[in-house]
Amino acid sequence: MSEITHVSDTAFWVAVYRAEESRRKDALFQDPWAERLSGARGKQIASHMHHGRYTAWSIVIRTCIIDRFLEEKIAEGVDTVINLGAGLDTRPYRLKLPPNLRWIEVDYPSMIDFKNEALKNEAPTCHLERIAADLSNDEIRKSLLTKLGAESKKAVVLTEGVTPYLTVEQVGNLADDLKAQASFRYWILDYFSPMILHFFQKNKKRLEQMKNAPFQFNPPDWFGFYDQHGWKVEQMRYLVEESLKLGRMFPSPWWTKLTALWAGPQRRERFRRLAGYAVLEPK
């Protein structure tokens with residue numbers, strides 16, 4: 001039986017790994033709220049999920065990548081961060097942010113209610129707002145993004161761990177809606193290569209566990225897809241490459257590391273770029 005009953009459950013799962021990282025002596029970031037937010041639900045999910053150590057590694061590295069992306073863009077003058085499908089992210093509390101920065105979190109009403117209650121006595125480091133909305137509703141999404149676009153001058157949109165769960169059509173609609181707002185200058189989102197997606201689709205254990213929240217976004221050409229919707233890559237950071245810089249190696253068995261030493265340069269390059277995070281900007 002799958003421990004994940006809805007895509008929103010993945011937020012509790014992710015929070016577990018952020019809490020685990022925060023307890024390490026060599027932690028790459030500190031998220032003191034993750035333990036509280038993950039709760040029993042998150043621990044239950046994490047304890048049953050297949051290949052947990054790989055997921056934990058990827059969550060930690062992606063957190064570091066996105067932290068740096070956001071800090072860089074804010075330093076360049078971004079005045080608004082719009083986190084769509086924010087889940088249990090605590091960046092408005094744990095990052096050092098300008099007090100006048102507007103940070104907007106959007107998620108399902110149940111997630112917003114839970115988070116408001118859990119963090120009601122905590123103070124964010126910037127101007128934080130939460131909006132309850134089902135972004136799968138086209139009319140609600142378009143109306144909300146139009147409103148936020150009109151209220152912003154230079155915004156970055158974050159969809160961490162969101163697009164992989166959407167269909168190609170849904171991601172295309174979202175890309176078009178974001179592109180329609182001139183003030184949305186950057187978009188931070190997930191990248192998975194066709195190779196890694198193929199692996200996920202062939203992993204029967206993972207498919208069973210994720211059957212209520214499957215990965216659906218699988219375009220034949222990731223870069224070409226966004227180009228067709230008016231977006232180009234401003235910068236890309238890959239999980240394995242960033243993990244080498246951070247000193248937190250991919251947790252692979254010893255024999256795969258030995259095999260990698262014997263692999264040709266093209267194969268090693270492909271492995272290092274299986275997944276990552278991109279900053280897109282309008283063409």
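The values are calculated or read from the model by the stated rules, or taken from the named source; none is laboratory data. Fair warning: this is a prediction, and the values are worked out from it, not measured in the lab. Here the Cβ positions follow ideal geometry from the backbone for every residue, glycine too, while neighbour counts run over all protein chains shown.
List of remarks:
- Selection within region 30-45 - over 16 Å from the mean Cα position of the chain (by Cα) and under 16 Å from D89 (Cβ atoms): Q30, P32, W33, E35, R36, L37, S38, G39, G42
- For the residues A123, A118, A132, the requirement of being more than 17 Å from I66 (Cα to Cα) and either under 19 Å from the mean Cα position of the chain (by Cα) or buried (at least 19 other Cβ atoms within 10 Å of the Cβ) (or both) singles out A132.
- Filtering region 75-89 to residues that are over 16 Å from T10 (Cβ atoms) and not in a strand (DSSP E or B) leaves A75, E76, G77, V78, D79.
- Scanning region 47-74 for residues that are part of a loop (DSSP other than H, G, I, E, B) and touching a Ser or Thr at 6+ places or on another chain (Cβ under 7 Å) turns up just one, M49.
- Qualifying positions in region 24-46 - free of Cβ contacts under 8 Å to residues at least 12 places away in the same chain and not in a loop (DSSP other than H, G, I, E, B): A40
- Condition check for V60: in contact with a Phe, Trp or Tyr (Cβ under 9 Å, 6 or more places away or on another chain), at pLDDT 95 or above and farther than 26 Å from V240 by Cβ: no
- Region 164-211 - residue that is aliphatic (A, V, I, L, M) and over 18 Å from the mean Cα position of the chain (by Cα) and, of those, farthest from L280 (Cα to Cα): L207
- Qualifying residue in region 143-155 (condition: within 18 Å of the chain's Cα centre (by Cα), closer than 21 Å to G39 by Cβ and buried (at least 20 other Cβ atoms within 10 Å of the Cβ)): no
- Enumeration of residues in region 106-146 that are within 16 Å of R91 (Cβ to Cβ) and in contact with a Gly (Cβ under 9 Å, 6 or more places away or on another chain): V106, D107, M111, K115, A118
- Subset of region 163-186 [crowded, with 22+ Cβ neighbours inside 10 Å and within 14 Å of V106 (Cβ to Cβ)]: L174, L178, F184
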